[in-house]
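A short write-up of the structure that comes next.
The values are calculated or read from the model by the stated rules, or taken from the named source; none is laboratory data. Just so it is clear, the model here is predicted, and its values are computed rather than measured. Ligands, DNA and RNA are excluded from the accessible area calculation, which covers all protein heavy atoms including side chains. Shrake-Rupley method; radii C 1.70, N 1.55, O 1.52, S 1.80 Å.
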Amino acid sequence: MTSICEQVQQGKTSWPELVGEEGKCAVATIERENSLVNAQIIAEGTIIPEIYICDRVLIWVNENGIIILTPTVG
């Protein structure tokens with residue numbers, strides 16, 4: 001039996017093509033392309049603990065809601 005982390009890694013884990021796109025739209029795209037992840041929008045400048053969570057994708061957006069970093073699993 002494979003763990004959730006191993007299952008997540010079998011799907012898509014990075015979305016560089018979404019940089020510059022609207023964060024809200026990216027949530028649906030990411031969760032459609034890898035149904036095992038939970039995509040979360042995070043405002044630029046927000047401080048969060050640097051903890052690797054294998055089924056999470058952080059979507060870093062600027063004040064206009066535009067993605068500024070490549071969303072990746074972790």
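Residue selection: residue 70 satisfies the criterion of being of a type in the set (S, T, N, Q), in a loop (DSSP other than H, G, I, E, B) and open to solvent by less than 70 Å² (accessible area, probe 1.4 Å).
Could you list, in sequence order, all residues of the range 14-59 that are open to solvent by 40 Å² or more (accessible area, probe 1.4 Å), part of a strand (DSSP E or B) and among the small types (Gly, Ala, Ser)? The answer is 14, 43.
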